[in-house]
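Here's the structure, in C-alpha cells; my notes come after.
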Amino acid sequence: MAAAALEDDLGPAFRQAMRQLAGGVCAISIGQGEERGGLVATSVTSLSVEPPTLLVCINRQGASWPLIRRYRSFAVNLLADRHLGLAQRFAGQGGVHGADRYLGAEWRTGVTGAPILADAMVAVDCEVEELIERHTHGIVIGRVRAVSTVREEQALVYLRGAYAALPAP
C-alpha cells in the first residue's frame, strides 16, 4: 500500500486519485459564430430539480472562461462513444482551438443562444445563474432553459486518462 501524501504535496496524489473516478464526457459549448469555444468536462453534476440547475467547473486560465463570463450561456452536450473525435477536438488535442472545435459535427442554436450538438445523447441549454471563483477553477451554476431528447446509446466515459465506451444496460 502506498504511503499517504502529506498536505503540502497533495497535488500529484490528488490528481492520480481523481483519475480513478470515471466520468461521463460532456462537450461544453459556449459563444456564437467565430467567437465560439468550448471544452471537455467530466465535472458536471445536477444541483437541483426545482428550479432545474446544474454545476460545471471550468479552469479560469482556459480560453472558455472569458467566453462564459461574456455570453452568460452554455450547453452541456453529453457525448456518445461515437463522438470520440469531437471529444478530442474539444479537449484541444492536435492544437484545435475556438470555433475549429465545432468542425465535423452538426450544431444548432439553443434558446439561450448557446451552440447545441444536434446528435448529442442529451443536450442541456443553460444560462449562467452564478459564477463562483475558487482556486484555479470557476464553478458555474447554470439555470436549465431547455433539454433535448434523450438518446440511449453507449456513453463516452473518461477513466485513468483515457476515453472508453460504457455500454447501455
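Coordinate-derived values only; no laboratory data. Given the structure is predicted, the values throughout are model-derived calculations rather than measurements. Positions of Cβ are backbone-derived with ideal geometry, glycine not excepted, and every protein chain shown enters the neighbour counts.
Note down the nm distance, to one decimal, between modelled labels 7 Å out along Cα→Cβ at A13 and at E152.
With each label point 7 Å from Cα toward Cβ, the separation is 4.3 nm.
Subtracting the Cα-Cα distance from 0.36 nm times the residue separation, let me have the gained length for Q61 to L159 in nm, one decimal.
So the chain would gain 32.9 nm between Q61 and L159.
Based on DSSP loop calls and a cut-off of at most 14 other Cβ atoms within 10 Å, the longest stretch of the chain free of exposed GluC sites (Glu not before Pro) is what?
It works out to 1-105.
Quote the charge dipole size of the chain about the Cα centre in Debye, to the nearest 20; the model charges only the Cβ of Lys and Arg (+1) and of Asp and Glu (-1).
Charge dipole of the chain: 200 debye, to the nearest 20.
Is the range 24-166 rounded, prolate or oblate when judged by the Cα gyration tensor, a ≥ b ≥ c being the square roots of its eigenvalues, rounded requiring a/c under 1.5 and prolate requiring a/b larger than b/c?
Judged from the Cα gyration tensor, the range 24-166 comes out rounded (a/c under 1.5).
With the dipole of the chain worked out from charges on the C-beta (+1 for Lys and Arg, -1 for Asp and Glu) around the Cα centre, which of L117, L55, L21 lies farthest toward the positive end?
L117
According to a simple spin-label model (label point 7 Å from Cα along Cα-to-Cβ), what is the distance in nm between H97 and R69?
Roughly 1.8 nm, to one decimal.
What is the chain's relative contact order, in percent, from Cα pairs under 8 angstrom and six or more apart in sequence?
Averaging sequence separation for qualifying contacts and normalising by length gives 26 percent for the chain.
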